[in-house]
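The values are calculated or read from the model by the stated rules, or taken from the named source; none is laboratory data. From a predicted model like this one, the values you see are computed outputs, not experimental measurements. Backbone-built Cβ (ideal geometry, glycine too); neighbour counts: all protein chains shown. When the accessible area is computed, the model is the full protein with side chains, heavy atoms only, and any ligands, DNA or RNA have been set aside. Shrake-Rupley method; radii C 1.70, N 1.55, O 1.52, S 1.80 Å.
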Amino acid sequence: MKNDGVYSLALRKLRGSVVQILRRVLCVLLFISTTMLAQTNAAKFTVGTASAGPGEKVNGFIEVPAGADAGTRIPVTVIRGSKPGPVLALVSGAHGTEYTSIIALEHVIQHLEPSEISGTVIVVPLVNLESFHQKVPHVNPVDRKSMNRFYPGKLDGTQTERAAYLITKDVVEKCDYLIDLHGGDLDESLRPYSYWSKTGDVKMDATTKAMVLAFGLDHIIVVTDRPRDPDASRYLESTASTRGKPAITAEAGYSGTVETDDVNALVAGCANVMRYLKILPGDAKPVENPVWLTKVDTVSSDVDGIFYPLVKRGTYVEAGTKVGYVTDYFGKTISEKSAPVAGVVLYVCGVPSMKKGELMANIGEVGKPE
Ligand SMILES: [Zn+2]
């Protein structure tokens, strides 16, 4: 019995120390796994429901909850390189029938691989899903608002404003650089061009100028009147720039078409800006001798009627060149409009529908950027 007692005491001690060791091992294992999980989470880059670790390409949605009107969901892809680098956001489809820009970013989603890049590319190919599906130009059919005029948005607003709020929080605030893609809408016969917005911030303006030259479109509109107030930024581009993130806007495509040359111009432009930002390897060759357009003049109709254009997109006109005319519904000309200045026809109305006050054409005046 005595021996048994000693034995069982020794056994109990042994058991006790085994349990203690096991406890310690468990603690260490728990600590390691928690740390690893925390590290994994820290390494994830998340936009909406898309959460990508290094070397991953993940699709998801920015969920816009219902509010005063219906909710929506905005598709987003996060392409995360294995190597560190800046975060570039590529956005299109604020106007859901500017198809070329949307198809260009679909191409980027399909073909840009994490193994190629240093840093992260956020791709938001189609902001205005209802416009796309219902084929409604210019506005979000849910609330009749342009999805590039209500930034930085608000959570208690209509769908466009709620979407703008979430894009500001989830895309703009998480990126270092941004490119917003547009094009001629269903009723706009547009030649490709990009915008260089000067903010007055010398460093930012130098970066955006380099970005717009790297993008490569050979017609560049110089804009100096974009909002400077981050709380009233209106456009996506100025939402980024007023938050310290260099941003440019580029447009290609027209009248509902998806021409290969236009798609390629936008895809190549994004890739070349990625080279400039060192997200992609290789040299970013800037466009040589672009046509700088320092002022844009609008020719609008003063009557309702049927529009007949007399110029094509991209043509040079002199001051006084007839841009187009409007007839009544029986064919009688009731208005004729001319270019107020010499310049490039950036776009001309591409359909016969014409209402008083609406745009017949935009003429870009050639100048030199300051
Ligand atoms: Zn647009």
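Summary table
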item	result
Given (1) within 14 Å of the ligand (Cβ to nearest atom); (2) assigned to a helix (DSSP H, G or I); (3) surrounded by fewer than 24 Cβ atoms within 10 Å (Cβ to Cβ); (4) in contact (Cβ under 8 Å) with a residue 40 or more places away in the chain, index of the condition Leu105 fails	(3)
Residue in region 108-120 that is within 16 Å of the ligand (Cβ to nearest atom) and on the phi < 0 side of the Ramachandran plot present	no
Failed item in (1) in contact with a strand residue (DSSP E or B) (Cβ under 7 Å, 6 or more places away or on another chain); (2) at positive phi; (3) of a type in the set (Gly, Ala, Ser), with Gly256 passing the rest	(1)
Pairs where the first residue, in region 190-207, is in contact (Cβ under 8 Å) with a residue 40 or more places away in the chain and the second is part of a loop (DSSP other than H, G, I, E, B) and open to solvent by less than 20 Å² (accessible area, probe 1.4 Å), C-beta under 6 Å, 6+ apart	Leu190/Gly184; Pro192/Leu217; Pro192/Ala252; Tyr193/Leu217; Ser194/Leu217; Met204/Pro246
Residue in region 203-213 that is closer than 26 Å to Cys349 by Cβ, surrounded by 18 or more Cβ atoms within 10 Å (Cβ to Cβ), at pLDDT 95 or above and in the same structural domain as Ala104 (by TED's automatic domain parsing) present	no
Gly119, sole failed condition from (1) within 21 Å of Ser238 (Cβ to Cβ); (2) touching a residue at least 40 places away in the same chain (Cβ under 8 Å); (3) of a type outside the set (A, V, I, L, M)	(1)
Matching residues, region 147-157, being buried (at least 17 other Cβ atoms within 10 Å of the Cβ) and part of a loop (DSSP other than H, G, I, E, B)	Met147, Asn148, Phe150, Pro152, Gly153, Gly157
Residue that is surrounded by the fewest Cβ atoms within 10 Å (Cβ to Cβ), among those in region 68-85 that are under 19 Å from Val108 (Cβ atoms) and within 16 Å of the chain's Cα centre (by Cα)	Pro75
Condition check for Leu181: hydrophobic (A, V, I, L, M, F, W, C), within 11 Å of the ligand (Cβ to nearest atom) and out of contact with any Pro (no Cβ under 6 Å at 6 or more places or on another chain)	yes
Pairs where the first residue, in region 74-87, is assigned by TED's automatic domain parsing to the domain that holds Gly244 and the second is basic (Lys, Arg), C-beta under 7 Å, 6+ apart	Thr77/Lys57; Ile79/Lys57; Gly85/Lys278; Val87/Lys174
Verdict on Leu88 being part of a helix (DSSP H, G or I), hydrophobic (A, V, I, L, M, F, W, C) and either at pLDDT 95 or above or open to solvent by less than 70 Å² (accessible area, probe 1.4 Å) (or both)	no
Selection within region 214-253 - within 16 Å of the ligand (Cβ to nearest atom) and at pLDDT below 95	Arg226
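Table: residues versus (1) basic (Lys, Arg); (2) outside any strand (DSSP E or B); (3) under 15 Å from Leu190 (Cβ atoms).
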site	(1), (2), (3)
Tyr325	no, no, no
Phe330	no, yes, no
Glu336	no, no, no
Val348	no, no, yes
Gly357	no, yes, no
Ala361	no, no, yes
Gly364	no, no, yes
Pro369	no, yes, no
